[in-house]
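Remarks on the structure that follows.
The values are calculated or read from the model by the stated rules, or taken from the named source; none is laboratory data. In this text, all values refer to a predicted model and were calculated from it rather than measured experimentally. So basically every Cβ, Gly included, is an ideal-geometry build from the backbone, and we count neighbours across all protein chains shown. SASA here: full protein model, heavy atoms, side chains in, ligands and nucleic acids out. Shrake-Rupley method; radii C 1.70, N 1.55, O 1.52, S 1.80 Å.
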Amino acid sequence: MLASPAMAAPDVGPITIPGDFTVWAGSDWHGQLGAVDRLLRSAGITDGVDRWTAPAGTALVVTGDVVDRGPDSVGLVRRLASLRAQARAAGGLVALLEGNHEAQVLGGLGGDPDIFQALMAFGGGATLLSAGLSPDEWEGRSPDEIATRVDERAPDLVPTLWTFAPYAVWRDVLFVHAGPVPFQGLDRFERSADRLWIREAFFASSDPFPDAEAWATYREAGIGRVVFGHTPVDQPTLSHAGRALNIDTWRSQRVTLARLEAGQELGDARFLAEPAASRAIADAPITAEEIRRLDADLPAVVDAWVPAHAPSRRGASN
């Protein structure tokens, strides 16, 4: 069986959100449990802690990178998984989508040396801290040793991350971590980690989305707009003549939530934002060139690692 998609279990497919739902979307929340709790309360989605309060017909979409860097990755994963179950019972929906940081946690703790290097370079120690480990329990230790400790202290973390979906679609809007990939069929798009790392090849492309031939696969599937994250910006940022919206506001040290309604342009979305807490673990010193190399190399590494490691069955993803 193909491991589909890139880092989710094989039976976790894309999520379709009913067209009459109101959608709230966020991205790259990186362990910011306190800020996210405040955001969700302001939006009327929760009581500010762990109770779903949104009316029926409400969807919350998180386009990946829930873990790493911030003070409580494990707590945020648990909060969102709890809200996902509650929303389903209340006539709503929570779509948790995978990002490159979820891939780094899964593949890094799974023992791939290149993915492990990326995990520890880009704030993965913060996830380990939130799982109850101290630095002397991971520094100089093998991925297997670290994974054993994580499984002992936070046994739900890895299984929950495997339930994150590849992407979601609402009306003509694609929600995905980093963006659509040019000239890539939807089957490949669902299975490949390219959608977790793409940057300028999507949002700075001279080929207008979705009209250019590079995006024909998406256009033919009825997709005309994209909401994404991955590349930090100071504030929600439009590209492709308003057809793409980046909501990763990590560069301004804020977490953001966007409200989308039927018949509304992406640029007319309502935005809420909260200041982020300080990072629990700083990223390792790394050059822009090294980041570009990792963006180019890691998708293929992840795609090669997944088939032998993805669980074959698990619970529902939405």
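Note on segment 107-130: residues that are among the hydrophobic types (A, V, I, L, M, F, W, C), open to solvent by less than 10 Å² (accessible area, probe 1.4 Å) and farther than 17 Å from Phe164 by Cβ total 3. Set side by side, the residues Gln104, Gln86 differ, and just one is open to solvent by less than 10 Å² (accessible area, probe 1.4 Å) and part of a helix (DSSP H, G or I), which is Gln104. Of the residues screened, Arg38 is one that is outside any loop (DSSP other than H, G, I, E, B), open to solvent by 10 Å² or more (accessible area, probe 1.4 Å), within 20 Å of Val255 (Cα to Cα) and among the basic types (Lys, Arg).
So Asp136 ticks every box in (1) assigned to a helix (DSSP H, G or I); (2) in contact (Cβ under 8 Å) with a residue 24 or more places away in the chain but one. Which box is left unticked? The single condition Asp136 does not satisfy is (2). I'm checking my understanding of the structure. Among residues of segment 192-208 that are within 16 Å of Arg292 (Cα to Cα) and among the charged types (D, E, K, R), which one is most open to solvent (accessible area, probe 1.4 Å)? In this case the residue turns out to be Glu200. If you scan segment 55-83, which residues turn out to be open to solvent by 10 Å² or more (accessible area, probe 1.4 Å) and aliphatic (A, V, I, L, M)? Selection gives Ala56, Ala81. Count of segment 209-232 residues, restricted to those that are closer than 30 Å to Asp37 by Cβ and either open to solvent by 20 Å² or more (accessible area, probe 1.4 Å) or charged (D, E, K, R) (or both), is 3.
Taking segment 234-276 on its own, how many of its residues are crowded, with 18+ Cβ neighbours inside 10 Å, assigned to a loop (DSSP other than H, G, I, E, B) and not polar (S, T, N, Q)? Number satisfying all stated conditions: 7. Only residues that are more than 10 Å from Pro236 (Cα to Cα) and either β-branched (Val, Ile, Thr) or in contact (Cβ under 8 Å) with a residue 12 or more places away in the chain (or both) were counted across segment 246-265, and they come to 11. The set of residues in segment 278-314 that are part of a loop (DSSP other than H, G, I, E, B) and in contact with a Leu (Cβ under 9 Å, 6 or more places away or on another chain) comprises Ala280, Ile281, Ile286, His309, Ala310. Cβ-Cβ contacts under 6 Å between residues 6 or more apart (or on different chains), taken from a first residue in segment 48-60 that is closer than 17 Å to Phe175 by Cβ and hydroxyl-bearing (Ser, Thr, Tyr) to a second residue that is open to solvent by 10 Å² or more (accessible area, probe 1.4 Å) and part of a loop (DSSP other than H, G, I, E, B), are listed as Thr58/Gly92.
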